[in-house]
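*Asks:* Quick one: the structure is below, questions incoming.
The values are calculated or read from the model by the stated rules, or taken from the named source; none is laboratory data. In this text the structure is predicted, and so the values were computed from the model without any measurement. Cβ placement follows ideal geometry from the backbone for every residue including glycine, while neighbour counts extend to all protein chains displayed. What goes into the accessible areas is simple: the full protein's heavy atoms, side chains included, and nothing from ligands, DNA or RNA. Shrake-Rupley method; radii C 1.70, N 1.55, O 1.52, S 1.80 Å.
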Amino acid sequence: MTSRTYSLSLIILTSIILIGLFSSCGEESGGDDPDPVPMPTISSIDPSSGMVGDEVTITGTNFGSTASENTVTFNGVTASVGTASATQLVVEVPENVTTGPVAVTVGDQTVRGPDFTIIEANLFDCANNEITEDITWEDLGDGVDYVIECAISVKENALLTIEPGVTIQFEGQESGIFTSDGGGLKAVGTSADPIQFLGTSENPGTWKGIYFGSDHPENRLEYVVVKHAGRTASVQSGETGAVQLSRDDESKAALVNVTIEENEGYGLFVTDESELSEFADNTILGNTQAPVGIYFNQLGSLDANSNYQGNDDNFIEVRKNDIEDDEVTMPKVNVPYRFIESSRYDIAQSLTISAGNTLEFVSGAGLRLGSPGTDCGITTGALNATGTAEEPIIFRGVNEGRGSWLGIGFNSASPNNKLIYCEISGGGSGDFYNASDFAANVTLQCESKVMIQNTIISESGGYGIYLLDEDAQLGQFTENTITDNELSPVWLHFPQVDQLDAASAYAEGNGQMYIEVEGDGVEDADLTVKKLEVPYRMSPDGLGRETFVGKVLTIEPGVVMEFETSAGIILGSPGTDCGVTSGVFNAVGTAEEPIILKGVTEGQGAWVGIGINSSSSENKLIYCTLSGGGSKQLYNAGGQGNLVIHCEGRAEVRNSTISESGGWGIDFVQGGNSLTESDNTFDNNAEGNIAPN
């Protein structure tokens, strides 16, 4: 190899080594470079419009954690950053800015967000906040027309008219529009150009609201939007809400095609002396309390076409007063009506409940026909709750379970008293009327009358139905279901048992599986005892005596009657012996469906027995099981047994089983009586089967 060749080779090798070294150094130094700043993002700006100086919250990701690390511009004008975090910046709208995009720069990364609309509004002169002469506020163009930071008071019969398309923003806890002393507010927009009452911020409670405290004939909101109100409670109502009708001045206003949303408190609150002169096609949603707070006698003011859903309290809140002067019809609405006061809501006039409604009651609340403090005086009032199979009317407690509210009390005989296709559950938390001894879902007092059909009555804290007085009537009682009540399905007086029907269901889930019957006498009309799927349980009458029957008593095949110890049935009247007596005991069963007459407890002498003290040829016990009578002497002159025939009494007994008497199976008292008997079975009667006559 020549020296020249060697030198060239050495140069090439040296170059390769140097290139490798430089490459290695480059890789190592590249690893020490700082990571690039991640790109920030903007997901929202709140509010999206406002005035210079307003506070705006920007939400997103990858912001600088300190204010100085972020640069925020509004359409190219730099804004002051107040507080900062990786996901939120709070900034102030800068001066000399126009409508345009919001941008955030972190390091050398800039993200452009949505546009912010700059409001150049007419700031209302609050030194002139009292309006005492007619005035009109016009639409000043696009965007916000007026900004109000105080309470506008319209009074002295003046009328404030707001034209279609006007947008007003309010700021401050007392800001809003208020009418009083005859002043009026007429805000009538159109579907294309609604009037907007907004807050300067999109937060509920930015301003106070629109309050009507007058009955000016032109008080009206139509095609109006009310948002972000409800800052403080009304002095008149004590409640917080966006639109209110005040109590003191018996205010009146119309609301048609109004949207009330995203407010603090109620969407609409109507005090008890106020009037919704017209209410139609409104939308009330997104408010922090109920869509409407209203009093009982004003429920007919609402309409079925308005939307009340989507509020934090998803119900119409009903306050306590009485329906006294006007008939009220509750329209079907798309949320429940909730009765929030622990009191009886009295109906002295007429209440009609439309099909498909739900009524909810707090503990201690209920509906009562009649007036407070009256018992069996002349009472008025009607309750017509007629649903359909597809749209039943539901009455229930706010809380689930037995006895969570008071129930429904009837104290009138109106032919319009109806419970048809209803579901009544959870009542019976307490006694309903002054004279009540028991609680129930439905209570009838005095001479009241109600039609009950295709209705479910369940989960009472007492009885399903309670007929407090003997003159009360279940008119046209058919195909009902009475289930899962704490006590019996029905409590009534013996002369009322024929008002029940065999097609109704009484057996499932009730705490006492029988119809509870106070054994009052049958004196005014004949009585038929129908077969039900549960027994009748007879107690003595209100004076502790047996049941006296002066009319025709017919017991149908398959009936089961159970008697308490001091209970029994006697033809005739108390205190009479062998005078002329009336009354018929006709109990004719069949071999397949015998009539069963027995004591509540088993064994001899568990109840008093049956006394026959009339000579009617219709006195019959055929295909009957008569057991456990004879607990004591039946007549003044004696007689103790399952069946006692007295004086000139007459009876026919066939194909029956007579057993377990505490005395005779059949006994006779004072002669002149007669018995026709055949094909009977006697068993275990203490004194014997048939006493000598």
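*Asks:* With every protein chain left in place and a probe of 1.4 Å, what is the accessible surface of Ile596, to the nearest 10 Å²?
*Replies:* Here the residue's solvent-accessible area equals roughly 50 Å².
*Asks:* Solvent-accessible area per residue for the range 554-693 at a 1.4 Å probe radius, Å²?
*Replies:* Here the per-residue accessible area is 39 Å².
*Asks:* At 1.4 Å probe size, what's the solvent-accessible area of Ser180? Round to the nearest 10 Å².
*Replies:* 30 Å²
*Asks:* Within the range 431-512, what whole-number % of the accessible surface is contributed by carbon and sulfur, with the 1.4 Å probe and all protein chains included in the calculation?
*Replies:* The nonpolar share, carbon plus sulfur, comes to 38 percent.
*Asks:* Accessible surface of Asp326 in the full protein assembly, 1.4 angstrom probe, to the nearest 10 Å²?
*Replies:* Rounded to the nearest 10, that gives 110 Å².
*Asks:* Let me ask something else about it. Mind ranking Arg650, Arg319, Arg220 by accessible surface for me, highest first, 1.4 Å probe? Display every interim value, and only then the final one.
*Replies:* Values: Arg650 110, Arg319 30, Arg220 60 Å².
Descending accessible area places them as Arg650, Arg220, Arg319.
*Asks:* Could I ask something else about it? Under Stokes-Einstein, with the Kirkwood radius over Cα pairs standing in for Rh, what whole-number D in µm²/s applies to the chain at 20 °C and 1.002 mPa s?
*Replies:* Numbers: Rh = 31.6 Å.
Translational D for this selection: 68 µm²/s.
*Asks:* Want the number for Asp281 to Asn321: 0.36 nm per residue separation, take away the alpha-carbon distance, what's left?
*Replies:* Details: separation 40, 0.36 × 40 = 14.40 nm, distance 2.61 nm.
Stretched fully, the Asp281-Asn321 segment lengthens by 11.8 nm.
*Asks:* Here is a further query. Going by the alpha-carbon gyration tensor, a ≥ b ≥ c the square roots of its eigenvalues, is the range 318-464 rounded (a/c under 1.5) or, if a/c is not under 1.5, prolate (a/b greater than b/c) versus oblate?
*Replies:* rounded
*Asks:* Give the peptides 684-690, 670-676 in descending order of average Cβ contacts within 10 Å, highest first. Display every interim value, and only then the final one.
*Replies:* Numbers: 684-690: 17.6, 670-676: 15.1.
Peptide ranking by packing, descending: 684-690, 670-676.
*Asks:* DSSP loop (so not H, G, I, E, B), at most 13 other Cβ within 10 Å: list which chymotrypsin sites (Phe, Trp or Tyr not before Pro) in the range 391-498 pass both filters.
*Replies:* Sparse-neighbourhood loop chymotrypsin sites (Phe, Trp or Tyr not before Pro): none present.
*Asks:* Nearest 500 deg cm²/dmol is fine: what mean residue ellipticity at 222 nm does the chain get from its DSSP H runs of n ≥ 4 alone, each adding -39,500 (n - 2.57), divided by its residue count?
*Replies:* The helix-only estimate for the chain comes to -1500 deg cm²/dmol at 222 nm.
*Asks:* Would you please give the FRET efficiency between Thr161 and Thr78, computed as 1/(1 + (r/R0)^6) with r the Cβ-Cβ distance and R0 = 30 Å, to the nearest 0.05? If you can, show how the numbers build up before the last one.
*Replies:* Working: r = 43 Å, r/R0 = 1.42.
Given R0 = 30 Å and the Cβ-Cβ separation, E is 0.10.
*Asks:* Relative contact order for the chain using alpha-carbon pairs under 8 Å, separation at least 6, rounded to a whole percent?
*Replies:* Once normalised by length, the contact order is 4 percent.
*Asks:* Calculate one ³J(HN,Hα) per residue across the range 402-407 by plugging θ = phi - 60° into the Karplus curve 6.51 cos²θ - 1.76 cosθ + 1.60, and present them in order as whole Hz with x for glycine and proline.
*Replies:* With the stated coefficients, the range 402-407 comes to 5, x, 8, 8, 7, x Hz.
*Asks:* Please list Cys126, Cys376 from largest to smallest accessible area, probe radius 1.4 Å, with all protein chains kept in place.
*Replies:* Numbers: Cys126 50, Cys376 90 Å².
The ranking, largest first, comes out as Cys376, Cys126.
*Asks:* Which residue, chosen from Gln289, Trp137, Ala127, occupies the Cα position most advanced towards the positive end of the dipole of the chain, where the dipole is computed from +1 (Lys, Arg) and -1 (Asp, Glu) charges on Cβ about the Cα centre?
*Replies:* Checking the options against the dipole of the chain, the answer is Gln289.
*Asks:* Can you pull the percent of the range 619-668's accessible area that's carbon plus sulfur, 1.4 Å probe, other chains left in place? Mind showing how you got there, number by number?
*Replies:* Details: 470 of 1420 Å².
That fraction is 33 percent.
*Asks:* At what distance in nm do the modelled label points of Glu533 and Ala505 sit from each other, each positioned 7 Å from its Cα along Cα→Cβ?
*Replies:* If labels sit at Glu533 and Ala505, their model points lie 0.6 nm apart.
*Asks:* Next question. Beyond a 24 Å Cα-Cα separation, which of these cross-linked pairs lie in this structure: Lys155/Lys320; Lys227/Lys320; Lys332/Lys449; Lys155/Lys252; Lys208/Lys320?
*Replies:* Values: Lys155/Lys320 30 Å; Lys227/Lys320 28 Å; Lys332/Lys449 26 Å; Lys155/Lys252 14 Å; Lys208/Lys320 26 Å.
Beyond 24 Å: Lys155/Lys320; Lys227/Lys320; Lys332/Lys449; Lys208/Lys320.
*Asks:* Under the rule a/c < 1.5 gives rounded, and otherwise a/b versus b/c splits prolate from oblate, where does the range 521-629 land using the Cα gyration tensor?
*Replies:* Because a/c hits 1.5 or more and a/b fails to exceed b/c, the range 521-629 counts as oblate.
*Asks:* Heavy atoms only, 1.4 Å probe, whole protein assembly: order Cys422, Cys578 by accessible area, highest first.
*Replies:* Details: Cys422 0, Cys578 75 Å².
Ranking Cys422, Cys578 by accessible area, largest first, yields Cys578, Cys422.
*Asks:* Moving on to the next point. What does the C-alpha gyration tensor say about the overall shape of the range 628-693? Classify as rounded when a/c is under 1.5, otherwise prolate if a/b is larger than b/c, or oblate.
*Replies:* It is oblate, given that a/c is not under 1.5 and a/b is not larger than b/c.
*Asks:* Which ³J(HN,Hα) values in Hz, rounded to whole numbers, follow from the phi angles of the range 687-693 under the Karplus curve 6.51 cos²θ - 1.76 cosθ + 1.60, where θ = phi - 60° and Gly and Pro get x?
*Replies:* 9, x, 7, 10, 6, x, 10
*Asks:* Related question: Taking a probe of 1.4 Å, how large is the accessible area per residue of the range 416-474, in Å²?
*Replies:* Heavy-atom SASA per residue in the range 416-474 reads 30 Å².
*Asks:* Still on this structure, please answer the following. Mind listing the long-range amide H neighbours of Gly184? Cut-off is under 5 Å, sequence gap 5 or more, other chains count too, H placed in the peptide plane at 1.01 Å from N.
*Replies:* Ala158, Leu159, Leu160
*Asks:* With everything on Cα atoms, drop me the angle between helix 3-30 and the longest principal axis of the chain, reported from 0 to 90° to the nearest 10.
*Replies:* Its long axis makes an angle of about 40 degrees.
*Asks:* Which whole-Hz couplings ³J(HN,Hα) result when phi for each residue of the range 598-614 is put into the Karplus expression 6.51 cos²θ - 1.76 cosθ + 1.60, θ = phi - 60°, listed in order with x for Gly and Pro?
*Replies:* Once θ is set to phi - 60°, the couplings for the range 598-614 become 8, x, 4, 9, 7, x, 5, x, 7, 7, 7, x, 10, x, 9, 9, 9 Hz.
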